[in-house]
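Taking it in order: structure first as structure tokens, then the write-up.
Read-outs: derived from the displayed coordinates by stated rules, not from any lab. In this text the structure is predicted, and so the values were computed from the model without any measurement. No Cβ is skipped: glycine too gets one built from the backbone with ideal geometry, and neighbour counts run over all protein chains shown.
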Amino acid sequence: MPALDAFVERFPIRGRFTIARGSKTEAVVILAELREGDVVGRGECVPYARYGESVEGVLAAVAAMAAPLAAGLDRRALQERMPPGAARNALDCALWDLEAKRAGVPVHELAGLPAPEPVVTAFTISLDTPETMAQAAAACGRPLLKLKLGMPGDAGRLAAVRAAAPGARLVVDANEGWTPGDIAENLAACAEAGVELVEQPLPAGADALLAEIARPVAVCADESVHGRDTLGRLIGRYDAINVKLDKTGGLTEALALAREAQAAGLDLMIGCMVATSLAMAPALLLSPLARFVDLDGPLLLARDREPGLRYEGSLVYPPEPALWG
């Protein structure tokens with residue numbers, strides 16, 4: 001049976017990462033390692049205060065599974081033993097990695113998924129002044145940009161970025177920052193700028209209005225969706241969902257959520273927290289199912305873990321077994 005180790009690791013962010021809820025300068029992640037002899041399975045998660053998580057709490061929750069795992073707790077039983085969230089994500093992904101290394105086959109085969117191929121990821125432009133965001137968009141030269149919005153003056157930010165990067169595809173993430181009073185204006189500005197998708201414009205739990213208003217741009221749930229139990233209330237309000245493994249509690253639930261969402265007629269975005277390549281690798285397996293891929297976490301860091309994913313511009317390649325899977 002596997003022995004568990006869990007660690008807190010810190011990776012500096014290149015510059016500052018800013019959204020409507022605040023800024024940060026480092027990514028704080030938890031690494032879970034499951035060891036059986038010479039075989040090691042690994043998973044990484046990001047505790048997120050928005051969902052009531054702390055680094056100390058998530059680390060304790062992961063560590064508390066050491067004895068059950070040593071007694072034979074497997075990935076399927078883990079889904080019942082732990083709630084969705086970052087702690088379960090780290091362990092679920094570590095168990096997938098361990099299963100694959102035991103069997104000598106890649107995770108995508110175990111999961112019944114097609115082999116992942118190189119895919120274009122969105123690149124995030126942090127919330128800032130219109131001028132600063134426009135400069136960042138022009139300088140990066142990326143084909144798919146994700147603009148962090150959610151503050152007064154967003155229409156000006158959109159116009160400035162579109163003028164600076166006329167050929168880029170755009171998605172927007174308001175991080176619950178818009179209101180019933182400004183959402184129509186902001187969605188109209190998005191349509192004018194050719195935005196293809198708007199993430200979470202209204203606060204989770206206060207998004208019923210989305211079923212009542214015109215949506216000139218497709219709207220994607222992020223904070224409003226976690227696992228399959230949250231899917232039903234989104235129908236009619238959203239056109240897509242953002243599947244993040246730290247919300248679903250790992251790849252196992254993410255796969256089930258993605259399939260149910262597609263069956264309900266929703267498009268998929270595969271997203272991430274700001275984290276290293278180890279957190280991106282399991283999510284990449286979902287990319288063949290998705291309309292949008294947003295796995296740029298390592299591109300926002302001053303340094304990634306080694307070995308990491310291979311990025312060529314915005315093109316991200318599937319992980320090598322030395323990293324995960």
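Each residue of the range 160-177 is assigned a 3J(HN,Hα), and the resulting list reads 5, 5, 4, 5, 7, 9, x, x, 7, 6, 10, 10, 10, 10, 8, 6, 6, x Hz, derived from the Karplus form 6.51 cos²θ - 1.76 cosθ + 1.60 (θ = phi - 60°), x at Gly and Pro. If only the Cβ of Lys and Arg carry +1 and only the Cβ of Asp and Glu carry -1, the dipole of the range 32-139 around its Cα centre is close to 300 debye. A Förster distance of 45 Å, applied to the separation of the beta-carbon atoms of S23 and A71, puts the FRET efficiency at 0.60. Restricting the trypsin sites (Lys or Arg not before Pro) of the range 76-136 to loop positions (DSSP other than H, G, I, E, B) with no more than 14 neighbouring Cβ atoms within 10 Å leaves nothing.
Translational diffusion of the range 259-302 was estimated from the Stokes-Einstein equation, with Rh taken as the Kirkwood radius over Cα pairs; at 20 °C and 1.002 mPa s the coefficient is 193 µm²/s.
Of all DSSP bridge pairs formed entirely within the chain, close to 50 percent run antiparallel.
As a quick test, which of the pairs K24/K247; K24/K101; K101/K146 have an alpha carbon distance above 28 angstrom in this structure?
Table pairs above 28 Å Cα-Cα are K24/K101; K101/K146.
The mean sequence distance of close C-alpha pairs (under 8 Å, at least 6 residues apart), as a share of the length of the chain, puts its relative contact order at 19 percent.
How would the range 281-325 be classified by its alpha-carbon gyration tensor: rounded, prolate or oblate, with rounded meaning a/c under 1.5 and the a/b versus b/c comparison settling the rest?
It is oblate, given that a/c is not under 1.5 and a/b is not larger than b/c.
Selection among L257, L278, A64 by position relative to the dipole of the chain gives L278 as farthest towards the positive end (Cβ unit charges, Cα centre). Of all trypsin sites (Lys or Arg not before Pro) in the range 238-325, which ones are in loop regions per DSSP and have a Cβ with at most 15 other Cβ atoms within 10 Å? Filter output for the range 238-325: R291, R303, R310.
Counted residue by residue at 0.36 nm each, then reduced by the alpha carbon distance between them, the extension gain from E109 to R16 reaches 29.7 nm. Among residues other than L95 with Cβ under 15 Å from its Cβ, the summed charge is -2 (Lys and Arg +1, Asp and Glu -1).
Rounded to the nearest Hz, the phi-derived 3J(HN,Hα) couplings of the range 78-83 under the Karplus curve 6.51 cos²θ - 1.76 cosθ + 1.60 (θ = phi - 60°) are 4, 4, 8, 7, 10, x, where x marks glycine and proline.
Classification of the range 1-127 by its C-alpha gyration tensor yields an oblate form. The axis ratio a/c (a ≥ b ≥ c) is 1.5 or more, and b/c is at least a/b. The helix-based estimate of mean residue ellipticity at 222 nm for the chain, built from -39,500 (n - 2.57) per DSSP H run of four or more residues and divided by its residue count, is -9000 deg cm²/dmol to the nearest 500. Once C-alpha pairs closer than 8 Å and six or more residues apart are averaged by separation and normalised to the residue number of the range 19-113, the relative contact order reads 34 percent. With kT/(6 pi eta Rh) evaluated at 10 °C and eta = 1.306 mPa s, and Rh the Kirkwood radius from Cα pairs, the range 233-325 diffuses with a coefficient of 116 µm²/s according to Stokes-Einstein.
For the range 155-271, the square roots a ≥ b ≥ c of the C-alpha gyration tensor eigenvalues yield an a/c of 1.5 or more together with a/b exceeding b/c, which makes the shape prolate.
In the chain, Rg over Rh equals 0.96, where Rg is the alpha-carbon radius of gyration and Rh the Kirkwood radius from pairwise Cα distances. Between E192 and R310, the modelled label-to-label distance comes to 4.4 nm, taking each label 7 Å out from Cα in the direction of the beta carbon. The alpha carbon convex hull volume per residue for the range 77-219 rounds to 162 Å³. Taken about its Cα centre, the range 101-231 carries a charge dipole of roughly 560 debye when the Cβ of each Lys and Arg holds +1 and the Cβ of each Asp and Glu holds -1. The GluC sites (Glu not before Pro) of the range 181-262 meeting both criteria, a DSSP state outside H, G, I, E and B (loop) and at most 15 other C-beta atoms within 10 angstrom of the site's C-beta, are E212. In sequence order, the range 141-157 has phi-based couplings of x, 8, x, 9, 10, 10, 9, 7, 10, x, 9, x, x, 5, 4, x, 5 Hz under the Karplus curve 6.51 cos²θ - 1.76 cosθ + 1.60, θ = phi - 60°, and Gly or Pro positions carry x.
Counting only Cβ charges, +1 for Lys and Arg and -1 for Asp and Glu, the dipole size of the chain around its Cα centre is about 160 debye.
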